[in-house]
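Report on the structure given below.
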There are 2 protein chains.
Amino acid sequence: MVSTNQFETLMVNRLKSIFLFSHLSETDLIHLASIVKLRSFNNGEILFYEGTPSDKLYILLDGVLKGYKTDMKENEIVLHYFYPVSLVAEMANLHHIPFPATAEFQTDGNILEIDYPIFERDFLKNPTVSFELIKSLTQKLKYLEDIITTRLALDATSRVAKFLYENGDISDSTKRHKIATILGLTPETLSRSFKKIKILGLISDEGKNFTILNREGLKELFS
Amino acid sequence: MVSTNQFETLMVNRLKSIFLFSHLSETDLIHLASIVKLRSFNNGEILFYEGTPSDKLYILLDGVLKGYKTDMKENEIVLHYFYPVSLVAEMANLHHIPFPATAEFQTDGNILEIDYPIFERDFLKNPTVSFELIKSLTQKLKYLEDIITTRLALDATSRVAKFLYENGDISDSTKRHKIATILGLTPETLSRSFKKIKILGLISDEGKNFTILNREGLKELFS
DNA sequence: TTAGAAATTTGATTTATATCAATGAAGCGG
DNA sequence: CCGCTTCATTGATATAAATCAAATTTCTAA
């Protein structure tokens, strides 16, 4: 069996490999190691629910996490898919407010859970930490801006055109249902929009896969 | 006529009174004063347009500024009303991307314009500056989250109920048209929603002013 | 390889809200 | 105080996308 010290060393090394902590001193890392916990989740498990008070800061180390809100008809509004390594919902911590959305694992994954009050007191003033935090926050602002642009300013077909323009050939293997959720559409509407774009000659489909025939034409549809 | 030094002193004092810079050293303030410019705007003037490259950081000192995007039918999607003292669109600067929205003055006002590249190089690492920046960014994230919750997850009547719940009696003098814009509704729909809520007995109107009769009832409508 | 399940497409209908049109009420300058 | 302009309300209609219901295609596992 390994001793506490060995655990500590392992954790310190793991922490050092995370962008947010890469510039911390050895002393800081050891202190940090004492306030974090590694947790594993299975596909489908919930990390936290919308409205839950937040006193933990989460960093996604492995797996894919979906952040979503639920509307009046119990439909999911997907805000974001998180891929490792990301800070999750740090805004809630910083403002001491409940989590604004639900986070659900889409694959098996691992989370680094940090005791937030202590982290705030001892690490938030650190320039590298705050700089990385700023980067993460602005990235999230960009995502939300984009959701607003896409979902409030564009109609169904324009949203699909934008998606194709931005995600190109990646969409091949992605389930239509998932694309529909990302775009805030029903699968039926998505299908009809794909058809319109096909008729315009901007894409063609061989079987299940799309080929983009006219990328600039797609852009025309949403801008 | 005042000398350069007197101008500098005036500017330094003005800067010191801004939360973001209140903890800077005298040396820093003098340096900062050399990269800022004070600009006045009239009601209706545009500070920047959506899509314009951003190399200035703006701080709103006086007046009210409206941030909005434009949808496919040329409708405004109001993202935010800025009141002094606020950072404006810092996200664009931090990520070196074009402004994501248009900013238009709703009253006469004053802006402090900062040369961003120099500011980033010389001030962004300052712990107080970055801390205030984090606060401002998280505040904006909250606004955007709220827009998404309101505009994507709630129907018209629920949005109005939420607005009444959160803004209470303030709405008295506010033009219906402005409320409608904030909620992303047409004045007609807003009027019909008010009527529904009136029939439910949650509010009453004497002439132009509303009285909230059942605040908890309002909450029930949107949660 | 094939049967059954799941995903996608297509068509018909419904729904919420925008739009269009008209009327009524309130605020304002003379 | 009056007429004019702006704002708010009400009613009728249009529209985009959701929902409901099949039909068809694709995937999967025996």
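The values are calculated or read from the model by the stated rules, or taken from the named source; none is laboratory data. Everything numeric here is computed off the predicted structure, so don't read it as measured data. Cβ: placed from backbone, ideal geometry, glycine included. Neighbour counts: every protein chain shown. Just so you know, the surface numbers come from the protein's heavy atoms only, side chains and all, with ligands and any DNA or RNA stripped out. Shrake-Rupley method; radii C 1.70, N 1.55, O 1.52, S 1.80 Å.
Look at the stretch B:86-108: where a residue is more than 10 Å from every other protein chain (Cβ to nearest Cβ) and on the phi < 0 side of the Ramachandran plot and a partner is assigned to a helix (DSSP H, G or I) and open to solvent by 10 Å² or more (accessible area, probe 1.4 Å), sitting 6+ places away or on another chain with Cβ atoms under 8 Å, you get B:Ser86/B:Ser136; B:Leu87/B:Ser136.
Of the helices (runs of 4 or more DSSP H) entirely within the stretch A:115-182, those holding at least 1 residues that are surrounded by fewer than 17 Cβ atoms within 10 Å (Cβ to Cβ) and away from chain B (no Cβ under 13 Å) occupy A:116-123, A:156-167. Which one of A:Leu218, A:Leu200 is of a type in the set (A, V, I, L, M) and under 26 Å from the mean Cα position of the chain (by Cα)? So the residue among A:Leu218, A:Leu200 that is of a type in the set (A, V, I, L, M) and under 26 Å from the mean Cα position of the chain (by Cα) is A:Leu218. Of the residues screened, B:Leu213 is not one that is buried (at least 19 other Cβ atoms within 10 Å of the Cβ) and more than 30 Å from B:Asp28 (Cα to Cα). Screening the stretch A:1-55 for residues that are aromatic (Phe, Trp, Tyr) and open to solvent by 50 Å² or more (accessible area, probe 1.4 Å) and picking the one that is farthest from A:Asn93 (Cα to Cα) gives A:Phe7. Listed by position, the strands (runs of 3 or more DSSP E) enclosed by the stretch B:56-106 that each have at least 3 residues that are open to solvent by less than 10 Å² (accessible area, probe 1.4 Å) and under 29 Å from B:Arg121 (Cα atoms) are B:56-62. Report yes if B:Arg192 is within 10 Å of DNA strand C (Cβ to nearest atom) and modelled with pLDDT of 90 or more, otherwise no. So B:Arg192 fits the description; yes. Taken across the stretch B:185-199, residues that are within 14 Å of B:Glu166 (Cα to Cα) and more than 10 Å from DNA strand D (Cβ to nearest atom) do not occur at all.
Conditions tested, residue by residue: (1) in contact with a Pro (Cβ under 9 Å, 6 or more places away or on another chain); (2) in contact (Cβ under 8 Å) with a residue 12 or more places away in the chain; (3) under 19 Å from A:Ile77 (Cβ atoms); (4) within 10 Å of DNA strand C (Cβ to nearest atom).
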| residue | (1), (2), (3), (4) |
| --- | --- |
| A:Pro127 | yes, no, no, no |
| A:Phe131 | no, no, no, no |
| A:Ala153 | no, no, yes, no |
| A:Ala161 | no, yes, no, no |
| A:Ile179 | yes, yes, yes, yes |
| A:Leu183 | no, yes, yes, no |
| A:Glu188 | no, no, yes, yes |
| A:Lys196 | no, yes, no, yes |
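Against the numbered list (1) in contact (Cβ under 8 Å) with a residue 12 or more places away in the chain; (2) over 30 Å from B:Ser158 (Cβ atoms), A:Ser17 comes up short only at (1).
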